[in-house]
Every structure is written in structure tokens, then in C-alpha cells.
Amino acid sequence: MSKFWSKVVHGLTPYTPGEQVQMPGLVKLNTNENPYGPSPKAIAAMQAAAGDGLRKYSDPSNAVVKDAVARRFGLTREQVFVGNSSDEVLAHTFHALLKHDLPLLAPDISYSFYPTYCSLYGIECLQVPLNERFEINIADYNQPCGAIIIANPNAPTGIGLSLEQIEALVAAHPEQVVVIDEAYVDFGGQSAAALLGRYDNLLVIQTLSKSRSLAGLRVGFAVGHPDLIAGLERVKNSFNCYPLGQVQQAGAVAALDDVAYTEQTSNAIIASRAWLTAQLQALGFEVLPSQANFIFARHPQHDGAQLAKGLRERAILVRHFTAERINQFLRISIGTDEECSKLVDALKLILA
Ligand SMILES: *Cc1c(COP(=O)(O)O)cnc(C)c1O
């Protein structure tokens, strides 16, 4: 606390990210990082960009990245917004598009940065409970609101909605912006970007952190109607004109263009997820059906916090949340096959 803080600072509850611990031999399955590393083409492009050109400011319009996203989705540059991580894109979205007289609707269990942005920007948020199977029921969103945000697949449950369900949600709210946060969509979900030609109220946000294995590069983007994008550009250019440096721009373009590498590594993660799910079920865990690069699992006879602690003592980190409805679950990122095996072996010892 300081008397020098502005009023808003006193009221903030900052987001707590998963720990980034350095420990030899650590199996780190707590922050949904991709175990396979970025595309070699992205690394080469970044090395080539790390030269004398850094003396100049980067292109403030991020044109090359926008064009790479546009190529990927069959869109135009005017339908693309780029930011320094999807967290930054989300922050600008809350500020530019989600602050209205009526409350924002979001699931009660979802990405916990959403309530944080609401408190930062003074947005009233109404949390809509997931059903008893931890699913989003889109009919529950048929109520007066200023805007809607959901993650699809949702986090930390991993459960996805179909494109038909997303379209029904977007179509039911033509006067509200509907934001779909697709951080995990490449691991088995369907992107709502396919709907963009038909709806001017839809904004889809993605990141290069998960399926492109570039969490450390900090690049995210949004796609939507040019009017929504123009609103985001206004906020961005009132905040930081150069959120991406040249190295980031070069790496992002190469990663977005290396579609084969993304598919190959994402498919490997999907296969490991199926294996790990079966192994945990055999140990008595209930595992929610995941379309993400993590699974959300609980054991009917073993406390979630205790399991997380036992794993930690064996140098395996998973994420445990203390929120009431989910405090018996562990969120486990899908690692390499070797890391997944180590996790299963450790759980066998802990459960015995
Ligand atoms: C990881 C994650 C993000 C943030 O991704 P960054 O681009 O690394 O900031 C956004 N939304 C959800 C649901 C996530 O899990």
C-alpha cells in the first residue's frame, strides 16, 4: 500500500500466473506450455531478424503478421488485430469492446484473467455458472447483457463447444459483441473464425503461445469485423504503438506459415492426451473430456491439493486451483510421452 497509488490500484486483484520454477529434472506441467518447441523456421527467421535493423522502430501496423494471419484464415488485413500476447489483445478488447452499461457475461469457471481485466477497466461482470458436468450451456446466456466472453475450448476444464453452438450464441446476440478466446483451439476444437463472414459482432482471439510453442515470444491476435478491429487499433495506439518488435514479427510470420509443423506437433499432443486420459482413468480419476493441451482431472478418494503437493515433492508441477467448485481437480498440461509417463508413475506411488 502506498499513499501515492491512484485509486484504481487499491482495488486491483492481479492475476496469479502458474509458477515458473527453475529446477534440474523438473517435469513442468503447470502452465500449458508446449513440450515440442517452436518451428525451426520460426527460430531461423528470428535469428535473421536480430541484426542492425533493430536500430529502427518496428512497423507499428504489424502488417506482415496481419497478412500471415489473414492468409491462414482466408481474411483481409482489415479483419486482423495483433498484440504482444493474447493477454494484451484481451486487455484491449475488454477496454475497447466489452465495457458497456449492462454487465459482461462470462462463465463462472474460466480463464481467471477475465475478472482481473474487469476490475482494471471498471466493467461489471456477471458470472454464468457452468452446468453440473462443467459445460457451458449457451441457453444460460440468453439474458440482458452488454457483451459476452467465453473461452472455447474452456479453461481450465478443456471442454469445447461445437461450431453450431457458438454460432447459436453469436446469432442470439446481434447487438452485443461475443468474444471467443481460442487459446487451445488447435488441439481438437473448431475455430469460430469460419463464421466471420456472417456476423459483425464476433471477435475471435488466438495466441501463438500454445499450439505454436511460442509462449516466450508473446504474440497474440484477434480476427473480426473491420469495425471491431478499428476499435482495438484506437486503444492500442493510445497505449503502445509498437507492441511487437521486429524479432517478434519475423518469428510470428514464420510460425503462422509453418502449418505442417503446427499440425504435426498438435497431433502428437492429442495422441499423448488420449494416452494420459486412459492411464488416469485406470487409476480411478475422473477426467473431463479435453480438446486442449491439458486435462482436468479429480480423484474421488484423494484430495486435489494433497495430490498436487505429493507430485511437487517428486519434482512434478501441475496446477491446482482453490476456487470452490474446482478445488478437487488438477490441471495437467500434456508434456512429452516421457513426462506423461513420469507423471503416471508418480501418481501410482502417491495413490498406493
Ligand atoms: C494461455 C491463455 C491465454 C494467454 O495467452 P498469451 O498469448 O500467452 O497471453 C489466453 N487465454 C487463455 C484461455 C489461455 O489459457
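Tabulated data for the structure shown
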{"quantity": "Meets criteria (under 27 Å from PRO156 (Cβ atoms), part of a loop (DSSP other than H, G, I, E, B), of a type in the set (Phe, Trp, Tyr) and more than 13 Å from the ligand (Cβ to nearest atom)) for TYR36", "calculated": "yes"}
{"quantity": "Selected residue [of a type in the set (D, E, K, R), part of a loop (DSSP other than H, G, I, E, B), buried (at least 24 other Cβ atoms within 10 Å of the Cβ) and within 12 Å of the ligand (Cβ to nearest atom)] from ARG212, ARG218", "calculated": "ARG212"}
{"quantity": "Identity of the residue in segment 193-209, within 12 Å of the chain's Cα centre (by Cα) and assigned to a loop (DSSP other than H, G, I, E, B), that ends up nearest to the ligand (Cβ to nearest atom)", "calculated": "SER209"}
{"quantity": "Residue check, ILE229 part of a helix (DSSP H, G or I), under 23 Å from GLN20 (Cα atoms) and in contact (Cβ under 8 Å) with a residue 12 or more places away in the chain", "calculated": "no"}
{"quantity": "Neighbours by Cβ (under 7 Å, 6+ apart or cross-chain): first from segment 10-38, more than 20 Å from GLN264 (Cα to Cα); second of a type in the set (Gly, Ala, Ser) and within 14 Å of the ligand (Cβ to nearest atom)", "calculated": "TYR15/SER112; LEU29/SER333; ASN30/GLY18; ASN30/SER333; THR31/GLY18; THR31/SER333"}
{"quantity": "Test: ALA48 is more than 16 Å from the ligand (Cβ to nearest atom), in contact with a strand residue (DSSP E or B) (Cβ under 7 Å, 6 or more places away or on another chain), of a type in the set (A, V, I, L, M, F, W, C) and closer than 18 Å to LEU244 by Cβ", "calculated": "no"}
{"quantity": "Failed item, numbered, when PRO243 is tested on (1) under 24 Å from PRO35 (Cα atoms); (2) crowded, with 21+ Cβ neighbours inside 10 Å", "calculated": "(1)"}
{"quantity": "Residue within segment 172-181 that is closer than 23 Å to ARG273 by Cα and surrounded by 18 or more Cβ atoms within 10 Å (Cβ to Cβ) present", "calculated": "yes"}
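All of the numbers you see were taken from the coordinates with simple rules; none came from a lab. Every value quoted in this text rests on a predicted model; they were computed, and no experiment measured them. Cβ: placed from backbone, ideal geometry, glycine included. Neighbour counts: every protein chain shown.
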